[in-house]
Each structure stands twice: as C-alpha cells, then as structure tokens.
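**Student:** Below: one structure in structure tokens.
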Amino acid sequence: LRQPERQVLDTLIAGGVARSRSDALAWCVRLVQRHTDDWLTELRESLEHVQRVRAQGPDAGTGDTHDEER
C-alpha cells in the first residue's frame, strides 16, 4: 500500500475502529463488499429497465439488427 492508503488504515486504528492495519484493511474490505452488493443490485435493475425500454423502441419486433452491429 502507498502512504495515503496506510494513512487511512492508521486513522481507523486511531479512531478505535480497528486494532491493527490488518484489522483496518479487513474492515475496509467488508465495507466495500457491503456497498458493492447494493451497487451491483442497482446496476442490474437499471440494465433490466434499459432492456424493457429498448424492447418498446421503434425497432422493437422489426428484426432490424443494424443498431446491434454498430
């Protein structure tokens, strides 16, 4: 890790969030994982919405594949 990342870990230690850099790093990984799950769920929902909108578009059901080839 570079200095800025180590400073983040040291701040978590100083704040009582973690007892060591290893603990602080594990805490960060859990935090990112928790928010990543939320983000991925939101992304999947957005993609489903885009697919529904595309299906209703002007080329829906025409068999026209020109846009897909571009």
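Since every read-out is calculated from the coordinates, none of them should be taken as a lab result. Computed from a predicted structure; not experimentally measured. As a convention, Cβ positions derive from the backbone with ideal geometry for all residues, glycine included, and neighbour counts pool all protein chains shown.
**Student:** Counting helices only, and only those DSSP H runs with n ≥ 4, report the 222 nm mean residue ellipticity of the chain as the sum of -39,500 (n - 2.57) divided by its residues, in deg cm²/dmol to the nearest 500. Spell out each step's value before the answer.
**Tutor:** Working: 3 runs with 51 residues, N = 70.
Only helices count here, giving -24500 deg cm²/dmol.
**Student:** Once both labels are modelled 7 Å past Cα along the beta-carbon direction, what's the ARG19-GLU42 spacing in nm?
**Tutor:** Inter-label distance under the simple model: 3.5 nm.
**Student:** At a Förster distance of 25 Å, what's the computed FRET efficiency of GLN3 paired with ARG34, Cβ-Cβ distance as r, to 0.05? Each step should come with its number before you reach the end.
**Tutor:** Details: r = 26 Å, r/R0 = 1.05.
Between GLN3 and ARG34 the formula returns 0.40.
**Student:** Okay, moving on. Return the distance in nm (one decimal) between the two label points of a simple spin-label model at VAL50 and ASP10, each offset 7 Å from Cα along Cα→Cβ.
**Tutor:** Taking the simple label geometry, VAL50 and ASP10 are separated by 4.2 nm.
**Student:** Cα atoms only, the chain: Rg and Dmax in Å?
**Tutor:** In Å, with Rg to one decimal and Dmax whole: 22.1, 63.
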